[in-house]
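This report concerns only the one structure given below.
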Amino acid sequence: MVYIESAERRRQAIDAARTALMREGVGRVSMRVVAAEAGIPLGTLQYVFPTKLGLLEAVIDDLVAEIGRVLSASATVDGGLETSIRDGVRTFWSRLVVDHSDLQLLQYELVTHALRTPGLQDLPRRQYDLYVDTVTRWFTAAAERSGETAAVEYDQLARLLVGGIDGLLLQSVVAPDADRSAADLERVIDMVVAVAGISS
């Protein structure tokens, strides 16, 4: 067997786990299934991740980091806070939601699984803290750059946006309808902009 660096083997295992989890769901994926997906012996997988719990934690961290990167990359800070909200949310939705219902379903499944699993219960809170912190920094930077202020704290505005998007994501997984989701997304954006009470 060719030697592979541990970081590369770890990445291989996480990618294989994500693929298997999206296809099969958390309840049906075992370490053996992940090893087969990765094309490696079970013993090799267990060397990198001794337990399924550790592997699931790594998958959750990987998903959260990916979503955080997409959120950060979607955030524009030019043109004022309203433009930033509108353009950024649309960009995020198009990059991570449209045609990615399997990823969104996996995210929800992992959140509920983690909340019920000792050793993973703090991960969902860390996940949502990261999302809110990322959006708060985005809103703050956009407002400061344009010399604007909001009627509510940026962290509250961020929680409202994350909650609104989360609800739409769940609806789009349960009853996919791209046109309806796009229209609903625009209304969520309108509500967040209205609540923001942006002033120069």
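Throughout, read-outs are computed from the coordinates displayed, never taken from laboratory work. Because the structure is a prediction, the values reported are computed rather than measured. Positions of Cβ are backbone-derived with ideal geometry, glycine not excepted, and every protein chain shown enters the neighbour counts.
Laid out as a table, the results:
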item: Lone qualifier among L160, L106, L169 - being closer than 21 Å to I14 by Cα, among the aliphatic types (A, V, I, L, M) and buried (at least 16 other Cβ atoms within 10 Å of the Cβ); result: L106
item: Boolean, V192 is surrounded by 13 or more Cβ atoms within 10 Å (Cβ to Cβ) and more than 18 Å from the chain's Cα centre (by Cα); result: yes
item: The stretch 141-152, subset of a type in the set (A, V, I, L, M, F, W, C) and over 25 Å from the mean Cα position of the chain (by Cα), residue surrounded by the fewest Cβ atoms within 10 Å (Cβ to Cβ); result: A151
item: Positions within the stretch 10-49 being touching a residue at least 60 places away in the same chain (Cβ under 8 Å) and not in a helix (DSSP H, G or I), in sequence order; result: G25
item: Residue within the stretch 125-140 that is out of contact with any strand residue (DSSP E or B) (no Cβ under 7 Å at 6 or more places or on another chain), surrounded by fewer than 20 Cβ atoms within 10 Å (Cβ to Cβ) and at positive phi present; result: no
item: Filter result for the condition that a residue is among the charged types (D, E, K, R) and free of Cβ contacts under 8 Å to residues at least 12 places away in the same chain, over R159, R95, R187; result: R187
